[in-house]
Amino acid sequence: MHNPAEPRFSTNERKHSQQYLRELGGSIVIYMALLIPSLVYGPGMADGMAKTAALTVPVLGFFLMIWAIARQVQRMDEYQRSLTLESLSLAAAITAAITFTYGFLENAGYPRLSMFVVWGIMGSAWAITGLLRCWAAKR
């Protein structure tokens, strides 16, 4: 159990966390800066390479998010890395189960869903799994 007299996180962990938030926050700002004009101007463009480029350019910001996450995972100790991997693995399995099941429901007449829904399910499952594991570890 955590001793309240001791700091919950080390100075190094706080430094890495702040660095991660700056890197991830900056990449999200870049993503949004690319996304908004893409959504405003891209759909109205004539079909072709320029339209395709305009509609996919926000992915550059997303790649920066991946880079920030990868750097944070590298900075984690083995225990944190293991917990993160386990939570992500569970989230992937939950996502597979939900999307696989919904695929059968589409055959029964349910509406087709956008691929964007898959990330929403995966991100939600990862967040919920991580929170539950964190809560369980504190008990």
Problem - Mean separation of Cα contacts under 8 Å, 6 or more apart, over the residue count of the chain: relative contact order % - result: 23
Completion exercise
For the pair V57 and L85, the simple spin-label estimate (label points 7 Å beyond Cα toward Cβ) gives in nm 3.9
Completion exercise
Given a Förster distance of 30 Å, the FRET efficiency implied by the Cβ-Cβ spacing of W135 and E13, rounded to the nearest 0.05, works out to 0.95
Practice task
Could you check how much of the accessible area of the chain is carbon and sulfur, as a whole percent, using a 1.4 Å probe?
Solution key: 70
Practice task
Would you kindly derive the ³J(HN,Hα) couplings of segment 86-97 from the backbone phi angles with the Karplus curve 6.51 cos²θ - 1.76 cosθ + 1.60 (θ = phi - 60°), listing them in order in whole Hz, with x for Gly and Pro?
Solution key: 5, 5, 5, 5, 5, 4, 5, 5, 4, 4, 4, 4
Practice task
As a check on your grasp of the helix formula, calculate [θ] at 222 nm for the chain: sum -39500 (n - 2.57) over DSSP H runs of n ≥ 4, divide by the residue count, round to the nearest 500.
Solution key: -27500 deg cm²/dmol
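How much length is gained on full extension from A70 to V40, taking 0.36 nm per residue of separation minus their Cα-Cα distance?
7.7 nm
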Completion exercise
For the chain, dividing by residue count, accessible area per residue (probe 1.4 Å) in Å² works out to 75
Problem - Karplus-derived 3J(HN,Hα), 6.51/-1.76/1.60, for each residue of segment 67-78, Hz, glycine and proline x - result: 4, 5, 5, 4, 5, 5, 4, 5, 7, 6, 7, 4
Completion exercise
Two pseudo-spin positions, 7 Å from Cα along C-beta at A97 and at D77, lie apart in nanometres by 3.2
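The values are calculated or read from the model by the stated rules, or taken from the named source; none is laboratory data. This structure is a prediction, so every number in the text was calculated from the model and none was measured. Because the Cβ atoms are built from the backbone with ideal geometry, glycine has one as well, and the counts that use them run over all protein chains shown. Calculation scope for accessible area: heavy atoms of the full protein, side chains included, ligands and nucleic acids excluded. Shrake-Rupley method; radii C 1.70, N 1.55, O 1.52, S 1.80 Å.
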